[in-house]
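Here's the structure, in structure tokens; my notes come after.
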Amino acid sequence: MDVVSAHNLTKIYGKDKVTAVNGVSFTVSKGEIFGLIGPDGAGKTSIFRMLTTLLLPENGTATVGGLDIQRDYKQIRKQIGYMPGRFSLYTDLTVEENLNFFATVFGTTVKENYDLIKDIYIQIEPFKKRKAGKLSGGMKQKLALCCALIHKPDVLFLDEPTTGVDPVSRKEFWEMLKRLKTQGITILVSTPYMDEAVLCDRIALMQKGTILSINTPQAIINKLPDRLFAVKAGNMYDLLRTLQRNTNISGSYSFGEYVHVVLSPSGISPEDVQSYLQQQGLTEIEWKKATVTVEDCFIKLLRE
Amino acid sequence: MRTLKFLLKKEFSQILRNKTIRVAIFVMPIVQLIVIPFTADYEVKNINLAVADHDHSVYSRQLISKITASGYFRLTDYTNSFKSALKSIESDKADLILEIPSGFEKGLIKENEQKLFVAVNAINGVKAGLGGAYLGEIIKNYNNDIRLKWVTPESFSPFPVIDIRSSNWFNPEMNYYFFMVPGILAILVTMVGGFMSSLNIVKEKEVGTIEQINVTPIKKHYFIIGKLIPFWILGNIIFSIGLIVAWVVFGIVPVGSLWVLYASISMYLFAILGFGLLISTYCDTQQQAMLIMFFFMMIFILMGGLYTPTESMPGWAKIISQLNPATYLIEMMRMIILKGSGFSDITPSLIKLGIFAILFNSWAVFNYKKTS
């Protein structure tokens with residue numbers, strides 16, 4: 001069953017007619033973690049704001065929990081939890097007060113749904129008398145998640161929840177999401193971090209308001225037909241320039257401490273590339289087969 | 001209901017937790033109420049007077065000493081030529097010139113008639129107008145004194161004279177505090193209420209908390225009422241503090257009933273807070289809200305009859321002042337505090353304020369959109 005379904009969703013902003021979201025369609029099934037992956041300005045937040053009934057689409061339709069985002073926005077608001085990208089709880093209220101406040105405006109109590117947030121809340125409980133503005137970044141995210149969950153929503157929208165959060169907290173955060181998934185909550189999450197993509201059940205790769213590809217992370221990786229290699233040399237800059245000069249090589253880009261070399265399935269062989277590099281006078285060449293990541297797929301999609 | 005209770009609790013803790021706002025709400029109005037009435041006084045004192053005396057007689061000296069003894073004038077220059085007196089006006093040392101012609105005493109006694117010349121520096125209109133009037137009054141009194149001396153008692157009044165005596169009702173001593181304090185109190189309530197409410201929703205927009213609120217099933221009118229009530233209560237508290245200050249510092253005790261007074265301030269607060277919230281729903285940043293509110297605040301204060309009576313404004317300005325909620329409050333405050341007006345006297349104003357309150361608040365609810 002599709003909990004969220006968007007059909008041809010379009011958002012155009014302002015007088016300049018900037019198209020932020022251009023005819024996006026996708027579906028999310030119940031109990032799924034669905035990721036919108038893409039750089040800043042890809043239109044992730046606009047999609048979230050439309051699905052959470054905060055923004056009206058210029059075109060297209062969408063349903064959340066079977067309810068139309070334009071017609072049934074009132075019911076939708078009762079059933080969803082939304083965590084905006086920007087911390088938007090009351091910084092001058094304490095942790096406890098924020099939680100109580102949001103429980104009340106959703107017509108419930110903290111007690112009623114405590115078991116849902118317990119695992120998360122327990123970590124910030126020692127600071128419950130502290131003002132929300134005085135919390136660290138990671139703790140703020142946990143509190144925001146608690147507040148978004150307090151009314152036991154069916155669908156949770158998390159807009160870049162891990163942006164600006166340290167790696168340890170990020171890891172913890174994703175573990176929390178996994179646990180929430182087991183409770184049957186459908187989660188839509190957006191992130192600019194490619195490494196988080198594999199943690200989702202399915203992902204949509206986005207760029208400039210359009211979805212480039214939707215699939216499970218593994219399927220997206222498997223679908224990449226090219227052979228991928230990681231190369232390192234004494235002079236990395238020369239290496240990159242030399243690779244880019246050769247038109248037989250489909251692609252090359254720096255990737256961490258390596259340069260990734262993409263070779264089309266039926267094109268030049270890796271051995272030829274290696275000897276080409278040696279001919280060009282590069283030294284200390286290290287050549288190995290690279291494991292394909294979502295980022296590689298994304299770069300490939302962008303180039304097409 | 002429970003939602004509303006929590007909204008109120010949230011607003012109150014947010015307002016009262018902010019130390020600067022606490023001071024701005026409670027301390028600053030008190031200080032202003034104590035300080036401003038002492039300075040906002042229409043009575044013009046220390047008018048600088050230059051006398052060009054061509055006569056140097058007993059009568060001219062008597063006249064001058066009578067003028068200076070009034071306490072309104074300060075003799076800054078005493079010469080025997082008009083030219084040099086004019087110089088002291090040009091150099092801003094004098095505001096008025098009184099020229100006494102030569103033969104003043106002689107003419108007065110012989111011909112029963114003499115002319116004086118008064119020249120007024122009209123750069124400061126209030127000072128010039130009042131100074132000229134004061135001087136005229138004093139000279140008139142002086143004239144009467146002389147007459148009394150000369151006219152023989154038996155032939156009491158050879159011709160009928162109309163003598164005008166005025167008495168000031170509701171403020172017998174024409175005490176300016178009585179007049180200004182209620183008006184200033186009205187303005188302080190307007191300022192605190194107007195600014196606080198206009199900045200409130202816009203602050204939630206700026207900080208981003210409105211996003212989280214908008215996605216909740218909270219009703220629009222609940223949200224607005226949740227914003228309105230805390231400021232309404234605060235406004236009433238500030239007003240009460242102001243009344244106490246007026247009583248302790250200026251000895252002003254409302255002549256009218258406190259019920260009527262609170263009824264008018266309560267109705268007014270609904271109107272002005274609604275106006276603030278309306279501005280708040282239109283603005284995106286606190287800066288915008290502040291500037292717009294400032295613009296209206298100037299109109300409220302200067303066109304509300306605090307300093308200048310609305311009756312003497314040109315027709316179009318009268319219409320504007322009729323649309324200004326502060327006009328009604330200032331008027332009602334003076335009526336109730338000084339005159340002791342009752343409910344029946346202020347009902348028309350209360351109804352008008354009620355219309356403002358309903359208009360502004362429903363407009364604010366209408367304009368506050370949870371979806372953009």
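If you filter the range B:214-239 down to residues that are aliphatic (A, V, I, L, M) and surrounded by fewer than 19 Cβ atoms within 10 Å (Cβ to Cβ), you find that the one that is farthest from the other protein chains (Cβ to nearest Cβ) is B:Ile237. Criterion first (under 30 Å from B:Thr3 (Cβ atoms), in contact (Cβ under 8 Å) with a residue 60 or more places away in the chain and either out of contact with any strand residue (DSSP E or B) (no Cβ under 6 Å at 6 or more places or on another chain) or crowded, with 16+ Cβ neighbours inside 10 Å (or both)) does A:Pro84 satisfy it? When the stated conditions are applied, A:Pro84 passes them.
Give, as residue ranges, the helices (runs of 4 or more DSSP H) completely inside the range B:276-372 that count at least 2 residues that are closer than 18 Å to B:Val189 by Cα and under 14 Å from the mean Cα position of the chain (by Cα). Answer list for the range B:276-372: B:286-302, B:325-334. Checking each residue in the range B:252-275 for being in contact (Cβ under 8 Å) with a residue 40 or more places away in the chain, part of a loop (DSSP other than H, G, I, E, B) and under 21 Å from the mean Cα position of the chain (by Cα) picks out B:Ile252, B:Pro254, B:Val255, B:Gly256. Of all residues in the range A:3-51, count the ones that are in a strand (DSSP E or B), open to solvent by 20 Å² or more (accessible area, probe 1.4 Å) and of a type in the set (D, E, K, R). The qualifying residues number 0. Checking each residue in the range A:63-80 for being touching a residue at least 40 places away in the same chain (Cβ under 8 Å), within 8 Å of chain B (Cβ to nearest Cβ) and surrounded by 19 or more Cβ atoms within 10 Å (Cβ to Cβ) picks out only A:Ile80. For the range A:207-304, the helices (runs of 4 or more DSSP H) that sit wholly inside it and include 1 or more residues that are among the hydroxyl-bearing types (Ser, Thr, Tyr) are A:236-245, A:270-279. Using the structure shown, decide if B:Val161 is aliphatic (A, V, I, L, M), at pLDDT below 80 and farther than 30 Å from B:Leu4 by Cα. In short, yes. For the range B:1-40, taking the residues that are exposed (fewer than 12 other Cβ atoms within 10 Å of the Cβ) and under 16 Å from A:Glu97 (Cα atoms), the one that is farthest from the other protein chains (Cβ to nearest Cβ) is identified as B:Lys5. Residues in the range A:43-62 that are within 18 Å of A:Pro153 (Cβ to Cβ) and more than 7 Å from chain B (Cβ to nearest Cβ): A:Ile47, A:Phe48, A:Arg49, A:Met50, A:Leu51, A:Ala62.
Summed over the range A:115-133, the residues that are open to solvent by 40 Å² or more (accessible area, probe 1.4 Å) and out of contact with any strand residue (DSSP E or B) (no Cβ under 9 Å at 6 or more places or on another chain) give a count of 7.
The values are calculated or read from the model by the stated rules, or taken from the named source; none is laboratory data. If you're wondering where the values come from, they're calculated on a predicted model, not measured in any experiment. Note: ideal-geometry Cβ built from the backbone for every residue, glycine included; neighbour counts use all protein chains shown. Note: accessible area is taken over every heavy atom of the protein model, side chains too, but ligands, DNA and RNA are not part of it. Shrake-Rupley method; radii C 1.70, N 1.55, O 1.52, S 1.80 Å.
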